[in-house]
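A.B. asks: So that we are looking at the same thing, I have put the structure below in C-alpha cells.
The values are calculated or read from the model by the stated rules, or taken from the named source; none is laboratory data. Computed from a predicted model, the values in this text were never measured in an experiment. Positions of Cβ are generated from backbone atoms using ideal geometry, with glycine treated the same way; all protein chains shown enter the neighbour counts. Surface areas here come from the heavy atoms of the whole protein model, side chains and all, with no ligands, DNA or RNA. Shrake-Rupley method; radii C 1.70, N 1.55, O 1.52, S 1.80 Å.
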Amino acid sequence: MARILIVSDRIQAAQGLDNIVRGFGHEVVGVAATPEEALVLALNYRATIAFVDMMLQSGEGALAAANALKRSAKTSIIVTTSRADPDPLAQVD
C-alpha cells in the first residue's frame with residue numbers, strides 16, 4: 001500500500017482523486033493546496049507518492065512543489081491535470 005499525498009488547490013479534483021486512491025486500497029496522508037504545505041505533509045507523514053496538479057496556482061506552483069517533494073522528501077511524483085488542452089503538457093520535461 002502506498003502513502004499518497006495529493007497536491008491541488010482545486011477541492012473537487014482533490015476529493016475525486018482521494019476517492020479513487022482510497023478505492024484502490026492506498027492511504028491518503030493528506031491534501032495540500034500549496035508547495036509549502038505539501039512539503040510539510042510529505043515529510044511529516046512520509047508520503048511515498050505525490051499526485052501534483054500541473055495547474056497548481058497557489059504558492060510557487062506545480063513545478064516548485066514537485067521539485068521540493070522529490071529533493072527534500074524523496075517522494076515520487078505523478079503530475080496530474082483535468083485540462084483538456086494539451087499545450088501545457090509540452091512544457092513538462
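A.B. asks: Leaving out ligands, DNA and RNA, and with a 1.4 Å probe, what % of the accessible surface on segment 1-62 is carbon or sulfur?
C.D. replies: 55 percent
A.B. asks: Continuing with the same structure: About the Cα centre of the chain, what is the dipole size in debye to 20, counting +1 per Lys and Arg Cβ and -1 per Asp and Glu Cβ, all else neutral?
C.D. replies: So the dipole magnitude of the chain works out to roughly 380 debye.
A.B. asks: Using a 10 Å cut-off on Cβ atoms, rank the peptides 67-76, 3-12 from the highest mean neighbour count down.
C.D. replies: Output ranking for 67-76, 3-12: 3-12, 67-76.
A.B. asks: So for the chain, averaging the separation of alpha carbon pairs under 8 Å that are six or more residues apart and normalising by length, what relative contact order in percent results?
C.D. replies: This gives 29 percent for the chain.
A.B. asks: Further, regarding this structure: State the Kirkwood hydrodynamic radius of the chain in Å, one decimal place, computed from all pairs of distinct Cα atoms.
C.D. replies: About 12.9 Å for the chain.
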